[in-house]
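Please read through the structure below; I'll follow up with questions.
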Amino acid sequence: MSAPRPAVNPPNVQSYCHLFYISDSQQAQIERLQALIVQHQLPIVLNTERLHDKLTQKRRQQLSQTSSVPILVLDQKDKLSWLSDGLSVAPEWDKLQRRVVSAGRKSELLLQAAKVTADSRVIDATAGFGHDSLILASTGAQVTMLEQQPLMALLLLVEQQRMSAQPNWQKLMSRLQIVNTDALSYFATLPADMTGATKAVDVVYLDPMFPEDSYQDSKTGKGAKVGKQMQALHHLAHPPTLDEEMALLNKAQAVVADNQEGRGRVIVKRPQQAPFLSQQNPDESWHNAAVRFDGYFV
Ligand SMILES: C[S@@+](CC[C@H](N)C(=O)[O-])C[C@H]1O[C@@H](n2cnc3c(N)ncnc32)[C@H](O)[C@@H]1O
């Protein structure tokens, strides 16, 4: 019998969040946050509260233990993060600067697999913290980032807004479009004939959740450490069932099948030892010790 699934927030259900901030000078930032929620129709209700004590690690721990709703904090550096088990987690796109600048097919397995070029249109259907989207967009490609969890979508939008203020990131930021939606619903809205007004999709990228213990080193067989960001994500989203995997892969393949230039491919990220998504053999795989990218071509 399989283990019971942890309770996770069902996506697109109105979710209440508590936002703690530490200074009245952050009011303008809170207003920008509320404006993003309205503009992108995120089903999030924010309760804001000013903290009058220091945001120490102990205080973070205490805040996240005593709340039944997700907690966001605006810290001393005006950085917004989500407090999960006392740890602050957020997209940290600036930390990827070196990788993004030097990203190429030699350095990034994902780019070897996806064969993205500057004129490609890519859908990252499971955006998460957006790190893989940045690598894909580093090529000059347009990347539509789909994220089903409103809280994650909000963190992504805030990060995009924050990074857009930095001149050397502006171009890349303008190539990212963040959408809070379930990938299957989004795929259903795409025109059947993709040769119309919108450019055909060249690549659909899928990186669905895996069971937490499934990252194993191929040589040692030992579980690789799952980062704090991924650990936190397991509170919000769970791995797909086999039926969900099948639907995701089949629909993604249907989207790229409309690519008239024959460039369409679906790329799936898996832990190195994990079974193929939906148990479907890929056309080609690329791997290192920790991860594998499986390619399904049109
Ligand atoms: C493993 S994480 C992706 C990590 C991401 N590749 C990165 O670089 O940060 C999976 C993410 O996809 C989202 N997700 C899973 N299934 C989805 C679906 N059907 N539609 C949209 N988002 C989905 C989850 O909420 C989660 O945030």
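Keeping every protein chain present and rolling a 1.4 Å probe, give me the accessible area per residue for the chain in Å².
Accessible area per residue, the chain: 50 Å².
Can you compute the modelled spin-label distance between Q260 and S102, with each label point 7 Å from Cα toward Cβ, in nm?
Output for this residue pair reads 4.1 nm.
Expressed as cubic angstrom per residue, what is the convex hull volume of the alpha carbon set of the chain?
149 Å³
Hey, another quick one. Mind pulling the angle between the C-alpha long axis of helix 57-66 and the longest principal axis of the chain? Nearest 10 degrees, somewhere in 0 to 90.
Once rounded, the angle reads 80 degrees.
Now for a different question. If you count, for each residue, the other Cβ atoms within 10 Å and average over each peptide, how do 253-264, 129-140 line up from highest to lowest?
In descending order of packing, they fall as 129-140, 253-264.
Taking the Cα centre as origin and putting +1 on Lys and Arg beta-carbons and -1 on Asp and Glu beta-carbons, what dipole magnitude results for the stretch 15-89, to the nearest 20 debye?
Charge dipole, the stretch 15-89, about its Cα centre: 200 debye, nearest 20.
Something else about it: Hey, if you put +1 on the Cβ of every Lys and Arg and -1 on every Asp and Glu Cβ in the stretch 93-297, which of V203, I135, V122 ends up farthest toward the positive end of that dipole?
It is I135, whose Cα lies furthest towards the positive end.
Could you tell me what fraction of 2.2 N^0.38 Å the Cα radius of gyration of the stretch 58-122 comes to, as a two-decimal ratio?
1.67
Right, next: Per DSSP H run of n ≥ 4, the term is -39500 (n - 2.57); total these for the chain, divide by its residue number, and report the mean residue ellipticity at 222 nm rounded to 500 deg cm²/dmol.
That calculation yields -8500 deg cm²/dmol at 222 nm.
If we restrict to alpha carbons, what Rg and Dmax does the stretch 1-157 come to, in Å?
For the stretch 1-157, the Cα-based Rg and Dmax read 17.9, 53 Å.
So, one more: What full-extension length gain, to one decimal in nm, is calculated for A35 and D182 as 0.36 nm per residue of separation minus the Cα-Cα distance?
50.7 nm
How long are the three semi-axes of the equivalent ellipsoid of the stretch 15-89, in whole Å, if each is the root of 5 times an eigenvalue of the C-alpha gyration tensor, listed from largest down?
Taking √(5λ) for each eigenvalue gives 20, 15, 9 Å, largest first.
Let me ask you something else. Once you've got the GNM for the chain with C-alpha springs shorter than 10 Å, pick whichever of K228, K269, K106 has the biggest mean-square fluctuation.
Result for the chain, Cα springs under 10 Å: K106 fluctuates most.
Could you sort 244-250, 21-27 so that the peptide with the highest average Cβ count within 10 Å comes first and the rest follow in order?
Going from most to least packed, we get 244-250, 21-27.
Give, rounded to the nearest 20 debye, the magnitude of the charge dipole that the chain has about its Cα centre when Lys and Arg contribute +1 at Cβ and Asp and Glu contribute -1 at Cβ.
900 debye
Still on this structure, please answer the following. Cβ neighbours within 10 Å, averaged per peptide: list 43-51, 231-239 in order, most packed at the top.
231-239, 43-51
The values are calculated or read from the model by the stated rules, or taken from the named source; none is laboratory data. Predicted model only: the values in this text are computed from it and were never measured. Quick reminder, even Gly has a Cβ in these numbers, built from the backbone with ideal geometry, and neighbours come from all protein chains shown. Calculation scope for accessible area: heavy atoms of the full protein, side chains included, ligands and nucleic acids excluded. Shrake-Rupley method; radii C 1.70, N 1.55, O 1.52, S 1.80 Å.
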